[in-house]
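Quick notes on the structure that follows.
The values are calculated or read from the model by the stated rules, or taken from the named source; none is laboratory data. Keep in mind that this is a model prediction, so the values were computed, not measured. Methodologically, a virtual Cβ is constructed for each residue, glycine included, from the backbone with ideal geometry; neighbour enumeration extends over all protein chains shown.
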Amino acid sequence: MAKPKTKPAKTKTKAAPVAAPLASAPSAPNIDIGISGGERKKIADGLSRFLADSYTLYLKTHNFHWNITGAMFNSLHTMFETQYTEQWTALDEIAERIRALGFNAPGSYREFVSLTSIPEEPGLSDSADWREMVRQLVVGNEAVCRTARKVLDIADDADDAPTEDLLTQRLQTHEKYAWMLRSLLQ
């Protein structure tokens, strides 16, 4: 007769020790950089409008770089590339200043369209004149300057030196671009 099969004996295994629950990380401290929350909000709102103007001008400059034709092609293609490359870097600095103040930076076309003071231009025709491109970029650079000055006043009232410095540098750049472009039309 066959022996009945026996089940192997159960051995008790020790459960792995359970780690103590991790203490939750402390939440980020409130922002205390010497500028009140209300002042930081006003500055961030102004910088958001400035970012929208700057981004709109960047897109327009890049568009014209791609689409320039005619006798001025080489010089303007190069000039527009120099300008949009510099503008691209500045966009990051503006957005990061908004974040340092404790607010989210706008980052969608919808937000930029609602915040910008630079009007959307209709698409270029096949025979877009370089003078019209340059004229639009003069107007765009001047609009960026006007917005920067408004925000500069707000930052000055709040004694926000980093924002004042950023805007002063951007004013110098955009005033120079406007002058250089305007000179082509005179």
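Pairs, please: C-beta under 7 Å, at least 6 apart or cross-chain, first residue farther than 17 Å from Lys42 by Cα and among the aromatic types (Phe, Trp, Tyr) and in segment 101-126, second modelled with pLDDT of 95 or more and not in a loop (DSSP other than H, G, I, E, B)?
Close Cβ pairs satisfying both conditions: Phe112/Ala52; Phe112/Tyr55; Phe112/Thr56.
For segment 81-92, which positions are without any contact (Cβ under 8 Å) to a residue 24 or more places away in the chain and within 18 Å of Ser183 (Cβ to Cβ)? It would help to see each step written out before you state the result.
Just the residues of segment 81-92 that are without any contact (Cβ under 8 Å) to a residue 24 or more places away in the chain, to begin with: 81-82, 85, 89, 92.
Residue satisfying the conditions is Thr82 alone.
Farther than 20 Å from His62 by Cβ and either without any contact (Cβ under 8 Å) to a residue 40 or more places away in the chain or basic (Lys, Arg) (or both): is that true of Glu164 in this structure? So that I can check it myself, show each step before the final result.
Numbers: farther than 20 Å from His62 by Cβ: yes; either without any contact (Cβ under 8 Å) to a residue 40 or more places away in the chain or basic (Lys, Arg) (or both): yes.
Yes; evaluated as a whole, the condition is true for this residue.
State all residues of segment 62-87 that are buried (at least 21 other Cβ atoms within 10 Å of the Cβ) and modelled with pLDDT under 95; if no residue qualifies, say none.
Across segment 62-87, the qualifying residues are Phe64, Ile68.
For Leu57, indicate whether it is under 19 Å from Met133 (Cβ atoms), in a helix (DSSP H, G or I) and under 15 Å from the mean Cα position of the chain (by Cα). Talk me through it step by step, then tell me what you get.
On the way: under 19 Å from Met133 (Cβ atoms): yes; in a helix (DSSP H, G or I): yes; under 15 Å from the mean Cα position of the chain (by Cα): yes.
Yes; evaluated as a whole, the condition is true for this residue.
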